[in-house]
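Heads up, the thing below is written out as structure tokens.
The values are calculated or read from the model by the stated rules, or taken from the named source; none is laboratory data. None of the values given here were measured: they were computed from a predicted structure. Ideal geometry is used to build each Cβ from the backbone, glycine not excepted, and the neighbour counts take in all protein chains shown. Note: areas computed on protein heavy atoms with side chains; ligands, DNA, RNA excluded. Shrake-Rupley method; radii C 1.70, N 1.55, O 1.52, S 1.80 Å.
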Amino acid sequence: MSNILWKLGRAWVVCSLFAAWPAWGACSRDIHIAWDQWPPYIYRDDAKILHGLDVDLIDAIAREAHCKVIFSGPIPAKRQYLYLLDGSLDMQAAASVIPERESEAWFTRPYRREIISLFVRQGEKAQFPIGRLSDMTKRDWKIIVPFNGWFGKEYAALRPQLHHTNLLSEYISTDQGLRMLEFHRGDILMGDFLAFVYEAEQNHGGIEALPITVNDAPVHFMLSKKTMTEADVAAINTAIARLTARGELQKIVARYGWKQIGH
């Protein structure tokens, strides 16, 4: 069983996540990874213990690689990347491979998928006939979107036009996005399928997905080239490959209802 130790310092909560591994490790150093509140992928409960899909996946991969992982947070995703670049952090989860980042960081093989969808208020699905993403540029629908992140080439190409016509409103958290939709700050909400379905069921309700996927792509761990080595990347990749071959990662994902979301 994993042991989770907490201490408060430098305004970050630091969690050391490790198991009963041998004294040696496959990684060159303890891996510092940031987190931010993002259920069901990663979230802290009232007892200040981290839970979530990515926490369980990271735990399994770290065990397999015989590497020690230390969580620090909460730190917003955009700031996590800056800390990764200057070496304050070693690894960031749920990263998309973007060519301009490859000179600054290493990417592991994929460890899960990310599905970005469009949502509307319950009962309003018929009001938004959309067959392709570009249809959003032909209407005056107001779209609520994440303020940061990579969501595929098609959305990246459409975003400047949507922004120019003042059709975009941005949210920082899943909860904020749902509240903006609930209070009619926009017509369509774009975001991570599993995160919004989970948050709506827990706290809000009243949303349904449109029959179009903005992006369905694998996500990776991104490692700092300042602090991590190619051997570290290889150790993590080997662990991911072994767990995938045994079906272990798929079992963890299934526990969070991935099979129930229709993808």
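Worth a mention:
- Using the average count of surrounding beta-carbon atoms within 10 Å as a protection proxy, the listed peptides 61-67, 184-190 rank, highest first, as 61-67, 184-190.
- 17 Å reach of a label modelled at Q37, 7 Å along Cα-to-Cβ, counting backbone N of region 171-189: 171-180
- Gyration tensor (alpha-carbon) shape descriptor, region 150-200, a/c threshold 1.5: oblate
- What the chain shows is 50 Å² of accessible area per residue, with the surface traced by a 1.4 Å probe over protein heavy atoms.
- Residue order for K48, K68, K226 - accessible surface, 1.4 angstrom probe, largest first: K226, K48, K68
- Cα→Cβ-extended label distance, 7 Å offset, between H51 and A217, nm: 3.1
- Over 30 Å apart at the Cα level, from the set K226/K251; K142/K226; K153/K225; K48/K142; K142/K225, are K226/K251; K142/K226; K48/K142; K142/K225.
- Annotation: for a label point projected 7 angstrom from Cα along Cα→Cβ of T165, residues of region 96-138 with backbone N closer than 17 Å are 128-138.
- When the Gaussian network model of the chain links Cα atoms closer than 10 Å, the mean-square fluctuations of Y43, Y155, Y111 top out at Y155.
- The fraction of accessible area contributed by carbon and sulfur in the chain is 51 percent, rounded to a whole number (1.4 Å probe; ligands and nucleic acids excluded).
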